[in-house]
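Remarks on the structure that follows.
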Amino acid sequence: MSGLPRDPDALLRRLEWTVIRRLDGVLFGDYRTLFRGFGLDLADLREYQFHDDVRHIDWNVTARLQTPYVREYHEDRDVTAWFLLDLSPSLDFGSQEATKRMLSSEFVAILARLLTRHGNRVGALLYGERMDEVLQPRAGRRQVLHLLHRLQTRPQRSTSAPTNLGAFLRSAMQIVRRRSLVFLVSDFVSTPGWGPVLAHLAQRHEVVAVRLYDPLEAELPDLGMFMVQDAESGEQLFIDTHDLGFRRRFAAAAERHERALRAEFRSSGVDALELATDDDLFDAVLRFVEMRRLRSRLSTGGAVPAHLAARVAAQAEVSGKAGPNLRAVTP
């Protein structure tokens with residue numbers, strides 16, 4: 001992944017040629033399954049038939065005509081998507097060519113453009129030390145460019161107060177009232193306590209947690225003595241990566257953090273997509289597509305073929321979905 005162009009239009013054009021056009025072929029025919037609307041419009045009334053859902057009976061018409069009548073609905077296919085963007089200083093870290101902040105911008109650009117190309121609206125809430133900017137949902141390519149411009153022109157801080165995702169999510173709930181598709185994009189380096197708030201948000205909206213990380217955050221290479229600095233507090237510390245015991249303790253602590261984070265996603269009941277700074281964004285979005293297809297199939301009582309059960313269970317562990325919910329069937 002190359003450095004981000006300062007011109008939002010140049011960035012979006014590059015992504016449209018390298019990623020979005022390729023995704024059009026993959027998503028063709030599946031778009032409505034991946035992004036479903038949340039509203040219902042009354043279409044017609046007809047007489048009740050055997051196996052109709054009794055919850056759809058119109059009791060006023062039934063009483064007036066002395067015959068059971070049910071309501072039929074058209075599903076509102078339009079989607080309103082919100083991007084809840086953590087832009088705290090820890091996102092400036094990256095051992096690869098890209099930082100987590102750059103990865104966030106490109107992923108948001110791709111998803112926002114895929115949504116707006118089909119007439120849907122996207123908005124964003126931006127968090128620095130607090131939620132400090134609201135971009136109201138609008139449709140069209142111009143809205144994506146406006147979002148990218150706001151991301152690229154924000155001043156970067158070298159230090160800040162500790163990230164508080166719980167406070168960010170509580171503020172978001174006051175703004176995002178109508179049921180929406182919500183992407184929480186963060187590295188989840190935060191003070192604790194955000195899990196129950198995320199679960200509360202997921203009760204009202206369809207939430208996808210997009211977790212950004214760098215491979216160096218999981219395992220340290222043997223580079224000798226060097227200084228590290230906390231991206232948010234500014235605290236500095238000398239470490240000796242020649243020390244095998246230290247590297248093992250670091251890896252063990254990172255593994256514990258991974259398990260705790262995935263458990264938090266599971267208990268919150270949200271899907272999670274993990275993005276690394278060395279990820280191919282086309283492959284990353286395909287993982288998101290596969291996750292959405294799987295969720296749609298399971299929510300309608302579908303089953304997973306036996307030969308895919310192990311792979312699906314592994315994906316479910318990463319995405320925060322419990323494995324026992326998956327049913328395997330033989331061909």
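Each value in this text was obtained by applying a stated rule to the coordinates, not by laboratory testing. Just so it is clear, the model here is predicted, and its values are computed rather than measured. We place every Cβ from the backbone using ideal geometry, glycine too, and count neighbours over all the protein chains shown.
Considering only the other residues whose Cβ falls under 12 Å of the Cβ of ASP243, what net charge follows from Lys and Arg at +1 and Asp and Glu at -1? Each step should come with its number before you reach the end.
Values: positive: ARG247, ARG248, ARG249; negative: ASP222, ASP240.
My count for the surroundings of ASP243 gives +1.
Using the Kirkwood radius over Cα pairs, work out the Stokes-Einstein diffusion coefficient for the stretch 101-151 at 37 °C and 0.692 mPa s, in µm²/s as a whole number. Don't jump to the answer; show the numbers that get you there.
Values: Rh = 11.1 Å.
The diffusion coefficient I find is 296 µm²/s.
Computed on the Cα trace of the stretch 164-232, the radius of gyration divided by the Kirkwood hydrodynamic radius gives Rg/Rh = 1.13.
For TYR69, nonlocal amide neighbours, meaning residues 5 or more places apart or on other chains whose placed amide H falls under 5 Å from its own, are TYR48, ASP58, THR62.
Listed values for the stretch 198-207 are Karplus-derived 3J(HN,Hα) couplings in whole Hz (6.51 cos²θ - 1.76 cosθ + 1.60, θ = phi - 60°), namely 5, 4, 5, 4, 6, 5, 9, 10, 8, 10, and x replaces Gly and Pro.
Here the spin labels are modelled as points 7 Å beyond Cα on the Cα-Cβ line, and at ALA161 and LEU237 they lie 2.4 nm apart. The GluC sites (Glu not before Pro) found in the stretch 63-146 that occupy coil by DSSP, while having at most 12 further C-beta atoms within 10 Å, are GLU97.
Remark: the stretch 138-143, residue by residue, has Karplus-estimated 3J(HN,Hα) of 8, 9, x, 5, 4, 5 Hz, where x stands for each Gly or Pro and the curve is 6.51 cos²θ - 1.76 cosθ + 1.60 at θ = phi - 60°. Phi-derived couplings, Karplus 6.51 cos²θ - 1.76 cosθ + 1.60 at θ = phi - 60°, listed residue by residue for the stretch 123-133: x, 8, 10, 10, 10, x, 8, 7, 6, 10, 7 Hz, with x used for Gly and Pro. Between the amide H of GLU274 and those of ARG211, distances stay under 5 Å, these residues lying 5 or more places away or on another chain, with hydrogens modeled in the peptide plane. Note on the stretch 80-229: Kirkwood radius taken over Cα pairs, Stokes-Einstein applied at 25 °C and 0.890 mPa s, translational D equal to 152 µm² s⁻¹.
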